[in-house]
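J.: First the structure, then my questions, so here it is.
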Amino acid sequence: MIGPVAPRDTAGRPLLAAERQGNLIGFASAMWGDSGHYAQPGSFGDAGGLVLKRDGEQIGDSWYPSGVFEVPAGEATYELTQQVHKFGQPARTWQRSREIQTSWTFRSKEDTAQYSQSLPILFPAMSIPEDGMKTLAATDGQTIRLGVTGHAGYTPGALKSAALSYSYDGENWTPAEVSERRGIWTAVVDHAGAAGKPVSLKVELTDANGASVTQTVVRAYDVR
């Protein structure tokens, strides 16, 4: 499924997406990507923004989906929220995952012994049993695999909790049954009788280190 990911080098290795240098926190993900591809915003129908909160209080924002923020030295819980979407002519041909909101929660403090600290950012990685048109059959009991990826300098810990819900209208959400077996997390979605409807997804993931991410994907796929 398409969403923000860490940018990659020419060999496909993840690059740094979030770091702290002294009292500065910076963030720059690839705006769109999946397990094998990524793309930076090209200003052709791409838009987005960032909001940074410290212990629940907003301390910065950006009109772009990347940015640098000045922060106090002391340890605190941070919430970084990114919004990205397609608009105009590109939105008419980009019919899936064209609006995504992602919120990352992590703890950070200044470390005077380190010039650069990679921040514990998780990128959701969901494997959906979709066809080439990004649609699922109108049947019950379909499985979505849940996982996360990191970026240069931060390898996620094992997932410790996961939740997924889905919606046909963006207002009423149905919790999916989520289970874990031998370290693999899956969610089951039921779409019987929903042929022709668009499906939005909301996923919440936390790793063993306490880093967490919540992501809402508008029209992640359609039911055929």
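J.: State which residue is most open to solvent (accessible area, probe 1.4 Å) when the search covers only the stretch 44-62 and only residues that are under 19 Å from the mean Cα position of the chain (by Cα) and without any contact (Cβ under 8 Å) to a residue 24 or more places away in the chain.
T.: Across the stretch 44-62, the extreme among qualifying residues is 61.
J.: Sticking with this structure for a sec: Return the total of residues in the stretch 63-98 being more than 21 Å from residue 199 (Cβ to Cβ), open to solvent by less than 70 Å² (accessible area, probe 1.4 Å) and under 17 Å from the mean Cα position of the chain (by Cα).
T.: Residues in the stretch 63-98 being more than 21 Å from residue 199 (Cβ to Cβ), open to solvent by less than 70 Å² (accessible area, probe 1.4 Å) and under 17 Å from the mean Cα position of the chain (by Cα): 8 in total.
J.: Among the strands (runs of 3 or more DSSP E) lying completely within the stretch 106-212, list those that include at least 2 residues that are touching a residue at least 40 places away in the same chain (Cβ under 8 Å) and either over 15 Å from residue 1 (Cβ atoms) or open to solvent by less than 30 Å² (accessible area, probe 1.4 Å) (or both).
T.: Correct list: 123-127, 142-149, 159-167, 184-189, 198-207.
For (1) of a type in the set (Val, Ile, Thr); (2) in a strand (DSSP E or B); (3) at pLDDT 95 or above, each residue gets a yes or a no:
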site	(1), (2), (3)
44	no, no, no
47	no, yes, no
53	no, yes, yes
59	yes, yes, yes
69	no, yes, yes
79	no, yes, yes
84	yes, yes, no
90	no, no, no
96	no, no, no
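J.: Ok, one more. Out of the residues in the stretch 1-40 meeting the condition of being at pLDDT 95 or above and more than 16 Å from the chain's Cα centre (by Cα), tell me which one is most open to solvent (accessible area, probe 1.4 Å).
T.: That would be 24.
The values are calculated or read from the model by the stated rules, or taken from the named source; none is laboratory data. This one's a predicted model, so the numbers in the text were calculated from it and none came from an experiment. Virtual Cβ from ideal backbone geometry, glycine too; neighbours counted across all protein chains shown. In case anyone asks, the SASA skips ligands and DNA or RNA and just uses the protein heavy atoms, side chains included. Shrake-Rupley method; radii C 1.70, N 1.55, O 1.52, S 1.80 Å.
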